[in-house]
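Below is one structure, written out as structure tokens, with a few remarks after it.
The values are calculated or read from the model by the stated rules, or taken from the named source; none is laboratory data. Not measured: the values here are computed from a predicted model. Cβ placement follows ideal geometry from the backbone for every residue including glycine, while neighbour counts extend to all protein chains displayed. The protein model used for the area step is the full one, side chains on, heavy atoms only, and it has no ligands, DNA or RNA in it. Shrake-Rupley method; radii C 1.70, N 1.55, O 1.52, S 1.80 Å.
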Amino acid sequence: MATIRLGDVAPDFTAETSQGSLNFYDYLGDGWGILFSHPADFTPVCTTELGTAAKFKAEFDKRNVKMMALSVDGAASHHEWIKDINETQNTVVNFPIIADEDRKVSDLYDMIHPNADDTLTVRSVFIIGPDKRVKLILTYPASTGRNFYELLRVIDSLQLTAHHKVATPANWKNGEKVVVSPSIPTDEAKEIFTKGVEEIKPYLRMTPDPTT
Ligand code: BEZ
């Protein structure tokens, strides 16, 4: 198992899921993907996370992002757990959960951190671009549920900065001012960003979101 780093090609796999056998690349198609792991079925934090993910699916769809979750229990267990998630979180789980009983995908993506837990996966997140390269890696401990607003925010930033020569500042939210890429001289930036460039320092130039 090699360490996966930003910019690496996301490893492909075929796995049993709550929606049958799926090939990851086929499932993603030409769009973006998010793969996230859960320590185990029938655990409280994971139940809230998967319910939240289901409620956010429309937002991920809008951004052309397909979700795939993973837990190291089997498909039969996932089906029973999904009933509980739907009931307790008042939603319908509407994306596949990998049944990673043999830890094949967990190992491929280094989701088991033995010094945290020998057998359960940590809460990993991988965001994968249409070029199948890894754009973001997050690792949370089992005790901390993830923030799905943050995942959407990162996807907004990744999709904006993939197409425009900008970066997004701390706590940026969609529609707010962005940073001009350091590689662009200010004269050139003023030609590219017709809504204006504010030069706070030669290396810190702000411009309105070019897409709004
Ligand atoms: C949970 O999802 O609630 C959880 C799982 C493993 C350890 C602690 C919490």
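For region 30-37, the criterion of being free of Cβ contacts under 8 Å to residues at least 60 places away in the same chain, in the same structural domain as Val93 (by TED's automatic domain parsing) and not in a loop (DSSP other than H, G, I, E, B) is met by no residue. The helices (runs of 4 or more DSSP H) found wholly in region 39-156 and carrying at least 2 residues that are within 16 Å of the ligand (Cβ to nearest atom) and open to solvent by less than 10 Å² (accessible area, probe 1.4 Å) occupy 44-55, 75-89. State yes or no: is Thr3 within 13 Å of the ligand (Cβ to nearest atom) and exposed (fewer than 15 other Cβ atoms within 10 Å of the Cβ)? So Thr3 fails the test.
Checking each residue in region 164-212 for being charged (D, E, K, R) and open to solvent by 40 Å² or more (accessible area, probe 1.4 Å) picks out Lys165, Lys173, Glu176, Lys177, Asp187, Glu188, Lys190, Glu191, Lys195, Glu198, Glu199, Lys201. Looking only at region 117-137, which residues are of a type in the set (A, V, I, L, M) and closer than 14 Å to Leu70 by Cβ? Selection gives Leu120, Val122, Val125, Ile128.
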